[in-house]
1. Determine the pairs where a residue that is within 16 Å of LEU329 (Cα to Cα), located within region 343-360, has a partner that is open to solvent by 30 Å² or more (accessible area, probe 1.4 Å) and among the acidic types (Asp, Glu) with Cβ atoms under 6 Å apart, the partner being 6 or more residues away or on another chain.
2. For the list (1) of a type in the set (A, V, I, L, M, F, W, C); (2) buried (at least 16 other Cβ atoms within 10 Å of the Cβ); (3) within 23 Å of the chain's Cα centre (by Cα), I need the number of the one condition that VAL72 fails.
3. Taking region 322-336, which residues are in contact (Cβ under 8 Å) with a residue 24 or more places away in the chain and either open to solvent by 90 Å² or more (accessible area, probe 1.4 Å) or not in a loop (DSSP other than H, G, I, E, B) (or both)?
4. Which one of these is under 27 Å from LEU327 (Cβ atoms), under 19 Å from the mean Cα position of the chain (by Cα) and in a helix (DSSP H, G or I): GLY67, GLY158, GLY176?
5. When residues of region 95-115 are filtered for being among the small types (Gly, Ala, Ser), outside any helix (DSSP H, G or I) and either over 16 Å from GLY30 (Cβ atoms) or in contact with a Pro (Cβ under 7 Å, 6 or more places away or on another chain) (or both), how many remain?
6. State which residue is nearest to the chain's Cα centre (by Cα) when the search covers only region 282-304 and only residues that are part of a loop (DSSP other than H, G, I, E, B) and of a type in the set (Asp, Glu).
7. Could you check region 208-222 and list, in sequence order, the residues that are closer than 17 Å to SER182 by Cβ and either open to solvent by 50 Å² or more (accessible area, probe 1.4 Å) or assigned to a helix (DSSP H, G or I) (or both)?
8. Identify, from the list TYR267, TYR262, the residue that is touching a helix residue (DSSP H, G or I) at 6+ places or on another chain (Cβ under 9 Å), open to solvent by 30 Å² or more (accessible area, probe 1.4 Å) and free of Cβ contacts under 8 Å to residues at least 60 places away in the same chain.
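The values are calculated or read from the model by the stated rules, or taken from the named source; none is laboratory data. This structure is a prediction, so every number in the text was calculated from the model and none was measured. Cβ atoms come from the backbone with ideal geometry, glycine included; neighbour counts cover every protein chain shown. Ligands, DNA and RNA are stripped out before the accessible areas are found, and what is left, the full protein with its side chains, is counted by its heavy atoms. Shrake-Rupley method; radii C 1.70, N 1.55, O 1.52, S 1.80 Å.
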Amino acid sequence: MAQQVQGVIARAKGAPVTIETITVPDPGPGEAVVKIQACGVCHTDLHYREGGINDEFPFLLGHEAAGIVESVGEGVSEVAPGDFVILNWRAVCGQCRACLRGRPQYCFDTHNAKQKMTLADGTELSPALGIGAFAEKTLVAAGQCTKVDPAASPAAAGLLGCGVMAGIGAAINTGGVGRGDSVAVIGCGGVGNAAVVGSLLAGASKIIAVDIDDKKLETARSLGATHTVNSRSTDAVEAVRGLTGGFGADVVIEAVGRPETYEQAFYARDLAGTVVLVGVPTPEMRIDLPLLDVFGRGGSLKSSWYGDCLPSRDFPMLIDLYRQGRLDLDAFVTETIALDEVEKAFERMHHGDVLRSVVVF
């Protein structure tokens with residue numbers, strides 16, 4: 001029987017979000033209904049509200065979440081009612097060309113629930129990243145549920161559903177940071193600081209955090225950065241080179257998504273080094289680099305989608321590290337808030353006051 005719950009809705013571009021009653025249908029084949037326990041306020045949700053993703057309003061926002069499976073539809077074997085899960089937006093299909101080549105982390109045909117959640121008047125909702133977790137309950141494809149240790153804090157665990165996984169994965173999966181490497185991270189918000197943590201987990205010997213905000217740099221140092229650079233007052237490229245014997249870092253992770261910071265990343269890496277773009281640019285942005293420099297500096301220029309993660313592999317492993325005290329996910333939870341405080345959380349995000357605000361149900 002369909003259920004009515006409260007959720008955060010973005011009805012129009014730039015308009016403040018509202019709390020409204022939504023209808024969640026019973027799960028159909030391959031689907032699951034999840035009772036949300038916690039959901040992080042991610043910049044991607046703000047992008048949706050601002051029309052930066054698409055114009056398929058109204059949106060049911062929220063996607064960085066953890067909760068308990070309440071019910072499942074026909075044919076579901078991955079999870080069962082009562083399982084504690086982290087929601088993901090990469091439910092791999094197993095049949096596309098990436099999956100068949102043994103690279104499911106690049107699945108080109110990820111899927112969402114077939115049924116639509118609706119407003120009380122029947123208007124169909126577009127769930128953010130196919131999840132829509134700023135709601136008491138949500139309907140997802142069962143493959144979007146990754147079972148993890150239920151002893152983990154939902155507020156911390158849910159952050160692996162997007163931002164923290166994106167940053168850790170950019171370092172470990174995409175950048176291939178290894179023991180003894182030097183790493184520079186440009187942009188120390190939630191994703192950038194997660195890249196700092198990922199570099200530390202991978203055994204990097206030097207981790208250089210670059211930002212224009214001293215508070216964010218202090219946080220980066222507390223999470224494992226060995227050096228910090230305020231690029232508002234210091235040339236970032238020269239500073240990174242100066243800290244790496246004049247050569248540049250082995251891996252530079254750009255977590256801002258702007259042409260000027262990408263150019264800094266390009267020139268702050270060592271010859272044959274790697275640049276990883278994990279910051280999300282807007283459609284109008286362009287970059288102009290001398291092709292000879294692209295050729296002459298060698299190495300790799302990569303983009304990191306979701307930290308190139310495979311949720312079924314990476315989420316349980318990272319939760320195990322968290323439970324062992326080797327990964328401080330709690331440090332990313334700046335504050336816990338109620339469902340009706342999401343709009344205020346967007347404002348705090350603009351001011352750079354938080355790593356993550358987390359809605360707790």
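1. SER357/GLU335
2. Unmet condition: (3).
3. Hits for region 322-336 are TYR322, ARG323, ARG326, LEU329, ASP330, ALA331, PHE332, THR336.
4. Details: GLY67 fails: in a helix (DSSP H, G or I); GLY176 fails: in a helix (DSSP H, G or I).
Unique residue meeting the criteria: GLY158.
5. Taking region 95-115 first, the residues among the small types (Gly, Ala, Ser) are 98, 102, 113.
When the remaining residues are screened for being outside any helix (DSSP H, G or I), the result is 102, 113.
In the following step, the residues that additionally are either over 16 Å from GLY30 (Cβ atoms) or in contact with a Pro (Cβ under 7 Å, 6 or more places away or on another chain) (or both) were identified as 102.
Residues meeting the conditions: 1.
6. Taking region 282-304 as the starting set, the residues that turn out to be part of a loop (DSSP other than H, G, I, E, B) are 282-290, 298-299, 304.
Next, from what is left, pick out any that are of a type in the set (Asp, Glu): 284, 288.
Working: GLU284: 22, ASP288: 27 Å.
Across region 282-304, the extreme among qualifying residues is GLU284.
7. Listed by number, the residues that qualify are ALA220, ARG221.
8. On the way: TYR262 fails: touching a helix residue (DSSP H, G or I) at 6+ places or on another chain (Cβ under 9 Å).
Just one listed residue meets the conditions, TYR267.
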